[in-house]
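The values are calculated or read from the model by the stated rules, or taken from the named source; none is laboratory data. Predicted model, so just to flag it, every value in this text is computed and none were measured. Glycine also receives a Cβ, built like all others from the backbone with ideal geometry; neighbour counts cover every protein chain displayed. Quick note on the areas: whole protein, heavy atoms, side chains included, nothing else; ligands and nucleic acids left out. Shrake-Rupley method; radii C 1.70, N 1.55, O 1.52, S 1.80 Å.
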Amino acid sequence: MKKYLLVIVLALVFYKAKAQSSLNYATYGIGVSVSSNQAYADLKRQDKNLSYAVTFNYFYTPYVPIGLEFQLGKLSGGSTDLKIDRDGRVFENNYKAVILHMDVQAGELINYQGSTLLNILKNFYLGAGIGGISNDVKVQRTSVIDPTYVFPGKDSGINLIVPLRFGYEFKFYNEYDQPNVRLDIGYQHNLTFGEGIDGYADPSTKFKNNALDQYRQITVGIKVNFGGQNSYDKEIRGY
């Protein structure tokens, strides 16, 4: 009889520990990502390029990550072929950026426990942030149409950047039902303040220029959580 009681007690202790662990999560993480980039600048033709990033994450909750991202990549567009770009302008920007951003996933706002549908929806997120982009631009500075005209602008400089983000995060759980690996598929639209993306700063009287320089990113990334255990008020896995 004592053996059976011991087994029951051990089972209850294990179950309680298992339930408690499903409320816990690691508060720190590191992520890597690759993005398909495209600029929306002053030139009509914009190329698709790649960027790469490393992100250090702090999870305020399992559904509210705050990330410090170091990014490098390329933006380009235009052509000296007047059939492609009627003004003969072309640029290539090998940039670096540092961005601080925060996301809020639906799981922070809804009660998803016991619902398969809500457990799927809980991983959608919206986010925003702020940062700086350091531009290193090569341009066709002298007009191929009028060699006496030099396009104004700068070949390098730093601009303020505001990213707007949305996407979906796939969570992979360890044996304690804690999300220790996360796969992220997202879209990020970056607004920049200044004319540094393409290196051209022509007056609006000469070229139509009525919008901020910006670029978009379609991103796939992976995060790994580690250290700094904290607890949440709902089971993170949910089912």
- Query: What does the charge count near residue 133 come to, summing +1 for each Lys or Arg and -1 for each Asp or Glu among other residues with Cβ under 10 Å from its Cβ?
  - Reply: 0
- Item | 0 to 90° range, to nearest 10: angle between helix 2-21 axis and the chain longest Cα axis | 20 degrees
- For 213, 177, give the ranking by accessible area with the largest first, probe 1.4 Å. 177, 213
- Query: Can you work out ³J(HN,Hα) from phi for every residue in the range 213-223, in order, using Karplus 6.51 cos²θ - 1.76 cosθ + 1.60 and θ = phi - 60°, giving whole Hz and x for Gly and Pro?
  - Reply: 5, 7, 8, 10, 9, 9, 10, 10, x, 10, 10
- Query: In what order, largest first, do 164, 126 sit by accessible area if the probe radius is 1.4 Å?
  - Reply: 126, 164
- Query: So, with a 1.4 angstrom probe, what is the percent of accessible area on the range 83-239 that is carbon and sulfur?
  - Reply: 61 percent
- Task: Distance check, please: which entries in 44/154; 74/223; 96/234; 138/171; 48/154 exceed 30 angstrom between their Cα atoms?
- Result: 96/234; 138/171
- Task: Express the relative contact order of the range 126-239 as a whole percentage, based on alpha carbon pairs under 8 Å and six or more residues apart in sequence.
- Result: 26 percent
- Taking the Cα atoms of the chain, report the difference between the largest and smallest coordinate on each principal axis, in whole Å and largest first. 100, 30, 24
- Note on the structure: Counting only protein heavy atoms and leaving out ligands, DNA and RNA, the solvent-accessible surface of residue 189 at a 1.4 Å probe, in Å² to the nearest 10, equals 40 Å²
- What does the accessible area of residue 30 come to, in Å² to the nearest 10, when a probe of 1.4 Å is used? 70 Å²
- Message: How much accessible area per residue does the chain have, counting only protein heavy atoms and a probe of 1.4 Å, in square angstrom?
- Response: 54 Å²
- Message: Counting only other residues whose beta carbon sits under 12 Å from that of residue 122, what net charge do I get with K and R as +1, D and E as -1?
- Response: 0
- Query: According to the Cα gyration tensor, what semi-axes, each the square root of 5 times an eigenvalue, does the equivalent ellipsoid of the range 55-115 have, listed from largest to smallest in whole Å?
  - Reply: 42, 17, 7
- Note on the structure: Computed about the Cα centre, the charge dipole of the range 21-102 from +1 Lys/Arg and -1 Asp/Glu charges at the Cβ has a magnitude in debye, to the nearest 20, of 140 debye
- Task: Tell me what the chain gives for mean residue ellipticity at 222 nm when only DSSP H runs of n ≥ 4 count, each as -39,500 (n - 2.57), the sum divided by the residue total, rounded to 500 deg cm²/dmol.
- Result: -3500 deg cm²/dmol
- Message: Taking the Cα centre as origin and putting +1 on Lys and Arg beta-carbons and -1 on Asp and Glu beta-carbons, what dipole magnitude results for the chain, to the nearest 20 debye?
- Response: 740 debye
- Once all protein chains are kept in place, residue 36 shows an accessible area at probe 1.4 Å, nearest 10 Å², of 40 Å²
- Item | Cα-based convex hull volume of the range 119-239 per residue, rounded to whole Å³ | 151 Å³
- Task: Let me have the relative contact order for the chain, percent, based on Cα pairs under 8 Å that are six or more residues apart.
- Result: 24 percent
- Quote the charge dipole size of the range 10-147 about the Cα centre in Debye, to the nearest 20; the model charges only the Cβ of Lys and Arg (+1) and of Asp and Glu (-1). 280 debye
- Item | Positive-end extreme of charge dipole, the range 164-236 - chosen from 201, 215, 185 (charges on Cβ) | 201
- Counting Lys and Arg as +1 and Asp and Glu as -1, what is the net charge of the other residues whose Cβ lies under 9 Å from the Cβ of residue 75? -2
